[in-house]
1. With label points built 7 Å along Cα→Cβ from the Cα atoms of Arg298 and Arg122, find their separation and express it in nm.
2. According to a simple spin-label model (label point 7 Å from Cα along Cα-to-Cβ), what is the distance in nm between Tyr5 and Arg137?
3. DSSP beta bridges in the range 15-162, what fraction antiparallel, as a percent rounded to 5?
4. Describe numerically, in nm with one decimal, the distance between label points set 7 Å from Cα along Cα→Cβ at His266 and at Ser79.
5. Got a sec? Charge dipole of the range 351-437, +1 on Cβ for Lys and Arg, -1 for Asp and Glu; which of Thr417, Leu398, Ser383 is way out at the positive end?
6. With unit charges on the beta carbons (Lys and Arg positive, Asp and Glu negative) and the dipole taken about the Cα centre of the chain, which residue among Ala88, Met236, Gly170 sits farthest to the positive side?
7. Among Ser142, Gly203, Ala329, whose Cα sits farthest toward the positive end of the charge dipole of the chain (+1 at Cβ of Lys/Arg, -1 at Cβ of Asp/Glu, about the Cα centre)?
8. Counting only pairs 8 or more places apart or on different chains, how many lysine pairs in the chain have C-alpha atoms closer than 25 Å?
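We did not get these values from a lab; they are worked out from the coordinates using the rules stated. Quick caveat, the model's predicted, so the values are computed rather than measured. Quick reminder, even Gly has a Cβ in these numbers, built from the backbone with ideal geometry, and neighbours come from all protein chains shown.
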Amino acid sequence: MAWFYSSTVASAGDILPLKDVFQARRAGQRASVDEAVSTIIAAVRANGDAALVSLTQQFDCPELTAIRVPDEAIEAARSRIAGTPLEAALLAARDRITRFHQAHRRYSWLDDSVPGERLGQRIIPFSCVGIYVPGGRAAYPSTVLMTAVPARVAGVGRILMCTPPQAETGLPPDGTLAAAHIAGVDEVYAIGGAQAIAAMAYGTATVPQVDKIVGPGNAYVNAAKRMVYGDVGIDMLAGPSEVAVVVDESADIAGAARELIAQTEHDPMNAALLVAATPALLDQINVELEKQLSTLPRASIVRASLSEQSVAVVCDDRDLMIAIVDAFAPEHLHLDVVNAWELAHTVCNAGAILVGKHTSAAHGDYIAGPSHTLPTAGAARFSSPLNVDDFTKKSSVLWLDEAVSRQLAPLAEAIATYEGLEGHARSARGDAGGETI
């Protein structure tokens, strides 16, 4: 297996060239689609539902007539998977995702421990959230659960979903619709791409305007999310998938190869970082990759990802291993080393940390509990996985009695005066320009 880039890291200085490689790879993914997306957004804002139908007929389903998926169609899709292993798995995943995110809920609070004042914070769920689920030639019911369930746990009042229809039926796949039913999505719209983002951001006669848009998508979806941000909230700009795998002599070689394959079979633009303690481990994993790829249906995609987008590093220093990982800031990090928990507690930049040889990315993507909507393209340096906080906003609450108000007034006035804001100084003093009120 030929890697796009490989090196040996023996000191902190060796990481700097790797950072350049990571940044160059990510910059190359940001091909400009802004002009096309801008035109789509303008069309939706100007022509509403007519633009949505026309664009969906152009890109997804030539025979489409209605963009709202009827409730009966959603219920019928659920009935068609009833009693199947898929339904059982989706129900179990929903319950596990719910339990995980319930532990993360935040509640309003008010502190009145200081006499004469009450300070606190209100946690307010969004009234309406839109989730985007990729589709078209594929189906991703897992993404429905991983976005809609945290929103439901957070207390969002209305959850709507946009996902492309299948060309043959004019409807999203049964699994996607059934997952929407299981997750408690209120409305489903058969719209994909930038036009779906525009519809949720600005509203049409059929599609309501939402407070925030969440969910992954392609370059057009990301460009649209970036353009509408400010008029509506967004979660993140989720790009091609990434994985970092760190192994030492204790590692399961076959398992390490599986993890590299699992996160690179989606798309040739996906990327992997392999950090191996010895050159021999790297060689063993390369041999195992060839063995597994010989029977993998999507082997050509994995080969393209590993040969054009990925990096292999030999490093026997555990501190440097983590420094390399933090420089990459991967979406998924798999640690298959001695004392993996010890390393897990030192990582700063990773979306999901999968600890030990038995914790696979597939468990995290489908069933474990945390949302699989994770920061990519280095964004783990400054952002977090999708969680209940993404579906709430916070308001500060302040109350002062007269005595505390007078006590704090000179302090507020001093700062206001320094900043040259006499109106603020008067507000602090409680006067209208000389006379105390």
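1. 4.5 nm
2. About 3.0 nm, to one decimal.
3. Numbers: 3 of 8 bridges.
So the antiparallel bridges amount to about 40 percent of the total.
4. So the label points at His266 and Ser79 sit 3.4 nm apart.
5. The one lying farthest along the dipole's positive direction is Ser383.
6. It is Gly170, whose Cα lies furthest towards the positive end.
7. Of the listed residues, the answer is Gly203.
8. Working: Lys212/Lys225; Lys212/Lys393; Lys212/Lys394; Lys225/Lys393; Lys225/Lys394; Lys291/Lys357.
So the count works out to 6.
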